[in-house]
Each structure stands twice: as C-alpha cells, then as structure tokens.
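Some notes on the structure that comes next.
Just so you know, all these numbers are worked out from the coordinates, no wet-lab data involved. All values derive from a computational prediction rather than experimental measurement. All Cβ positions, even for glycine, are placed from backbone atoms using ideal geometry, and neighbour counts span all protein chains on display.
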Amino acid sequence: MVELKTVIEETYLKVKNIDDKGELASYIPELSNVDFNKFGVHISTIDNFNFGIGDCYDKFSIQSIAKVLSLTLAYSLLGEQIWERLGIEPSGTSFNSLVQLESDKGIPRNPFVNSGAIVISDILLSNLENPKEDFLSFVRGISGNSGLKYSSKISSSEKAVGYRNTALCNLIKSFGNIENEPSDVLDFYFDLCSLEMNCKDLSELFLFLANNGYKSGGNGSILTKSQSKRINALMQTCGFYDESGEFAFKVGLPGKSGVGGGIIAIHPNKYTIAVWSPKLNEKGNSCKGMRFLEEFTTKTELSIF
Ligand code: GLU
C-alpha cells in the first residue's frame, strides 16, 4: 500500500496550494467560524490499511453526510417499505428546494435532499424509543468510537435560522407524509446534521458500505448486501447536490458531501476515503475535496468505472 500513501501525500501537497475560490457555508452562522485553511484526508481499506494526512484528526460538522447514516438506520429497521415515503431519483434542484414537493405531493425525490432526510427523520422518530440517543448509539456502535457526539452549538445555530427546513417540513406535513410534530422532526434533523467527526472517524465508519453492509473486520451485518448496494447507488446518483453528475464524471465513486466541507467517498470492496476542506463551490461541495478526489482516482485508477 506504499503507492496509495505516496499518491495521497503528493496529491495533498498539490491541492493544498491551489487558489481556493470557494466560500464557507455562512447560512448556518456557526459554520462561518471554522478555520477555512483546514484540509485533511484519511483513507481506510477493507484489508486494513489506514493512512491520514493534514488536519485528518480535527473534528468538523459532517452535516448532510449524516443523511447516509439516518437512511442506513431507517432502511435496516423497515426495509423496502421506506420507499413508499420517498423516491430514489436525483432532484436536479438545490438540496433545500421546495419547488418539486408541490407537484410531487409531498414525496421527496430522494433521501439526500433536505426534504428526504426530513422524512427519514420522521420515520426514525416513529420507530425509535429515544430517537436522538438511539441514533447516536447506532453510529457509535458502527464506528467503535463512543466519543462521537452532536454539537449543540451547531444545532442551535442552525435551528435559529432554519426557516427553509421548517417550510419543507410543514409542506410535507400538509400532504400527510410527516407523522410527528414538525418541531420534533426538525429538532431531531438539526441534531443529526450537527454530528461531529474527523476524517479518520468518517473513513472508518463508512467502511461497512465498502464491505457489503458488514462492519469492518467482517463481523456484524448492518445492512444486507442488496441494501448496501442500493445506498451506494443513491450516493452515486444523488450524493453531491446538483453536482452529482459532475462528481461521477470527475471522480467516479459513490459518496456524500456536507456543507461543513466534508466528503466521504466509497469504492465498494476496496476502500473509503474522507476529505475535509471547508470552502465550498457554488453547488455546496468542498472545492479542495472534489479536486483532491479527482486527482486521487485519476492517479490510482481506482474508480468504479
Ligand atoms: N443542515 C444542513 C441543512 O439542512 C445540511 C445541508 C447539507 O450539508 O447539505 O441545510
């Protein structure tokens, strides 16, 4: 695995010095207090090679990356019936758009736009005894890191200005596709998005999606093989906002980004790689994160295509 290490080191140094024209996600006030020079990368392979560089041990707000984890829990609890409540198509609109919900009668296009993640939050609220605690235990259980936490600073900062997510939740509720009180659903959703991790935590945690739904080390199935394949398929088609096509074109891996500047990408049966750099392009994806992954899969020729 010397080669992977060398490619990561060389690519990291090259991308670190690019002129990053991106901007921080200031619509959540607390996210604009992050040091925009941070840049970390961590890879974990299914045959146990782990390597990180830069700020890979600094925690950050994973934001929408958590939507993959809430989907995983809902899918593992309820199976295919979740697709009665939401779709599996790319939206072609921004992640927080209200437009399609009206014509789609409150059925979100997919689980990774905000409306879809809000419906998944509602499903979890209806099916878990202590939703916030149970979800956190689920995530800690997969990662083996009992120190993973929500950030109350981030969640209250988002809650204070979460008018658009409130509008989304109320609109879906008006179509009968939210069972619980919107304020409770949103409270759970904002906490979910506030989860903090570093690149090492992220790449290790997501290994189950490179490993056919099994926890790393092979013991403990989190999803069936088919469910794991389907979540990877959704990440490939819907994981990068309205830039999922471009990510597939340039990087060629399923993955998910968040407005905290993190990206997790997965090569099924091989590896996971997490990248964090807070400045975002106009579509909401980390500029350096995308650039790093494009160079990485090009140099290693390790993409799924
Ligand atoms: N909490 C963010 C929101 O709802 C998540 C957005 C993201 O990372 O895509 O706006």
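Each Lys and Arg contributes +1 and each Asp and Glu -1, all at the Cβ; summed about the Cα centre of the chain, the dipole is approximately 400 debye. Stretching residue 250 away from residue 17 to a fully extended chain increases their span by 81.9 nm, per 0.36 nm per residue minus the current alpha-carbon distance.
Ranked by how many other Cβ atoms sit within 10 Å of their own Cβ, fewest first, the residues 276, 83 fall in the order 83, 276.
If packing is taken as the mean number of other Cβ atoms within 10 Å per residue, what is the order of 239-249, 170-180, 57-67, highest first? Mind dumping the intermediate values first?
On the way: 239-249: 20.9, 170-180: 17.1, 57-67: 23.9.
Most protected by this proxy first, the peptides run 57-67, 239-249, 170-180.
By how many degrees, 0 to 90 and rounded to 10, does the Cα axis of helix 131-143 deviate from the longest principal axis of the chain? On a 0 to 90 degree scale, this one is about 20. Look at the dipole of the chain built from charges on Cβ: of 235, 297, 40, the Cα furthest out on the positive end belongs to 297.
Of the residues 263, 193, 160, the one whose Cα sits farthest toward the positive end of the charge dipole of the stretch 123-270, with +1 on the Cβ of Lys and Arg and -1 on the Cβ of Asp and Glu, is 263.
Where does the charge balance sit around residue 29 when Lys and Arg score +1, Asp and Glu -1, over other residues with C-beta under 12 Å from its C-beta?
Working: positive: 153, 159; negative: 30, 158.
Combined, the nearby Lys, Arg, Asp and Glu give 0.
Here the gap between residue 283 and residue 77, fully extended at 0.36 nm per residue and compared with their Cα-Cα distance, gives a gain of 70.9 nm. The simple spin-label model puts a point 7 Å past each Cα toward its Cβ; for residue 94 and residue 170 those points are separated by 1.9 nm. Between the helical axis of 163-174 and the longest alpha-carbon principal axis of the chain there is an angle of about 50 degrees.
Each 10 Å bin from zero holds the following percent of Cα-Cα pairs in the stretch 126-241: 12, 32, 40, 15, 1.
Sort the following peptides by mean Cβ neighbour count (other Cβ atoms within 10 Å, averaged over residues), highest first: 141-148, 119-126. Don't skip to the answer; put the middle values down first.
Values: 141-148: 15.6, 119-126: 24.1.
Packing proxy ranking, top to bottom: 119-126, 141-148.
State to the nearest 20 debye the size of the charge dipole of the stretch 159-199 about its Cα centre, where the only charges are +1 on K and R beta carbons and -1 on D and E beta carbons. Don't skip to the end; give the middle numbers.
Working: 3 positive and 6 negative charges, 49 e Å.
It comes to approximately 240 debye.
Extending 7 Å from Cα along the Cβ direction at residue 270 and again at residue 301 yields two label points whose distance is 1.1 nm. Compared with the dominant Cα axis of the chain, that is its longest principal axis, helix 182-193 is turned about 10°.
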